[in-house]
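*Asks:* Take a look at this one; I'll ask things after.
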């Protein structure tokens with residue numbers, strides 16, 4: 001692994017020489033100020049550009065820094081110097097440092113990059129410090145006894161700067177809320193996992209990060225329909241207000257799913273009205289739409305309206321759409337549905353439209369609602385059928401998704417309210433956009 005060191009160069013060469021000797025990098029990137037009074041000469045100046053002062057007087061002159069530390073061919077003046085025209089301009093300093101970091105990471109993603117921000121102007125040091133935090137460089141500081149304002153010149157020691165707490169707070173306070181608002185749990189858990197690997201965190205802070213990690217991992221599992229895994233991760237946090245109601249709903253989702261999915265384990269499930277798995281799909285669709293993944297959102301809404309019909313037939317009439325038992329159907333309807341028998345497996349199998357037609361034939365309460373909206377529903381389903389994720393090639397845009405959601409989602413919400421005689425706003429069951437841990 002190549003070791004690369006970024007250093008800010010200021011009025012004294014000594015801290016930089018100390019840092020390079022202590023850290024033994026394979027390559028050094030010097031951040032220098034330009035101009036007649038700039039620090040560039042200390043890096044590329046001929047003869048002896050580096051000065052040792054005492055009481056304001058020059059007592060010795062030494063070669064440039066690369067020569068002093070024997071960098072030799074490892075130093076390339078064309079590529080290893082970041083030259084700043086305005087060393088007090090934070091934007092210029094930061095942008096040029098970041099550009100070089102990105103260049104190095106693109107060339108060698110496995111490089112270990114360290115940064116010593118001891119020298120240079122305050123702005124240069126701040127810029128390198130910020131870049132270190134943003135791009136995960138390992139920050140170092142060279143310290144010692146100061147005898148004047150020019151340099152550190154006695155007992156110099158280069159040590160890693162303690163920024164673990166800063167990184168943790170930045171992640172928790174700045175980045176994590178953005179991830180949660182976007183329901184981007186993989187990004188959240190990735191950042192939290194990196195923080196947990198730090199040995200410099202206090203035990204309290206580490207526990208807080210672990211709690212965030214467990215909650216985000218649980219929500220991520222739920223977002224992927226890994227309901228049992230989600231419950232196992234979230235159960236310890238049921239005492240928290242933003243998790244409690246979700247946990248109760250999740251248990252009902254688990255039970256609801258087990259009633260339609262014979263292979264699913266219903267352990268720890270709680271009986272509800274039976275359509276919670278459909279509501280779960282509606283909420284998942286909302287989260288995909290927030291991420292502007294409209295094709296995914298429409299796919300989930302399609303499955304939700306299909307599943308709503310399947311559950312209604314199974315729970316109320318003991319009819320499975322994948323294997324319709326004619327014995328469960330009134331005599332006058334048997335001939336109509338016999339024609340759907342498959343030649344391959346000899347099962348009577350019906351799709352979404354026929355499921356709702358069968359509910360109508362059975363005079364189910366949902367029939368009137370469906371009949372009144374049938375044309376709108378069929379038109380909406382055509383949008384899905386022509387999409388890239390179904391039978392066509394056309395991606396779904398935001399406007400098309402919203403129309404689809406208004407029709408399909410609206411029908412499902414009204415349908416569940418009709419058959420359960422209960423009303424619960426879906427928004428109250430949506431994943432939290434923040435966690436107060």
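*Asks:* When you check residue 375 against the structure, is it under 19 Å from residue 295 (Cα atoms), out of contact with any helix residue (DSSP H, G or I) (no Cβ under 9 Å at 6 or more places or on another chain) and assigned by TED's automatic domain parsing to the domain that holds residue 293, yes or no?
*Replies:* So residue 375 does not fit the description; no.
*Asks:* Which residue, of 213, 225, is part of a helix (DSSP H, G or I) and not assigned by TED's automatic domain parsing to the domain that holds residue 303?
*Replies:* Only one candidate passes the filter, namely 213.
*Asks:* Is there a residue being assigned to a helix (DSSP H, G or I), buried (at least 21 other Cβ atoms within 10 Å of the Cβ), assigned by TED's automatic domain parsing to the domain that holds residue 219 and under 30 Å from the mean Cα position of the chain (by Cα) anywhere in the range 262-272?
*Replies:* no
*Asks:* Filter the range 410-434 down to the residues that are assigned to a helix (DSSP H, G or I), touching a residue at least 40 places away in the same chain (Cβ under 8 Å) and under 24 Å from residue 222 (Cβ atoms) and list them by number.
*Replies:* 412, 413, 415, 416, 420, 426, 428, 429 - these are the residues of the range 410-434 that are assigned to a helix (DSSP H, G or I), touching a residue at least 40 places away in the same chain (Cβ under 8 Å) and under 24 Å from residue 222 (Cβ atoms).
*Asks:* Which number in (1) buried (at least 20 other Cβ atoms within 10 Å of the Cβ); (2) out of contact with any strand residue (DSSP E or B) (no Cβ under 9 Å at 6 or more places or on another chain) marks the one condition that residue 318 misses?
*Replies:* Here residue 318 meets the rest and fails (1).
*Asks:* Could you figure out which of (1) outside any loop (DSSP other than H, G, I, E, B); (2) within 20 Å of residue 140 (Cα to Cα) isn't true of residue 11?
*Replies:* (1)
*Asks:* Moving to a separate point now. Yes or no: residue 400 buried (at least 17 other Cβ atoms within 10 Å of the Cβ) and either under 30 Å from the mean Cα position of the chain (by Cα) or in contact (Cβ under 8 Å) with a residue 60 or more places away in the chain (or both)?
*Replies:* Criteria met by residue 400.
*Asks:* Another question, then. Out of the range 100-123, which residues are within 22 Å of residue 3 (Cβ to Cβ) and assigned to a helix (DSSP H, G or I)?
*Replies:* 100, 101, 102, 103, 104, 105, 106, 107
The values are calculated or read from the model by the stated rules, or taken from the named source; none is laboratory data. If you're wondering where the values come from, they're calculated on a predicted model, not measured in any experiment. Reconstructed Cβ throughout: ideal geometry from the backbone, glycine too, with neighbour counts over all protein chains shown.
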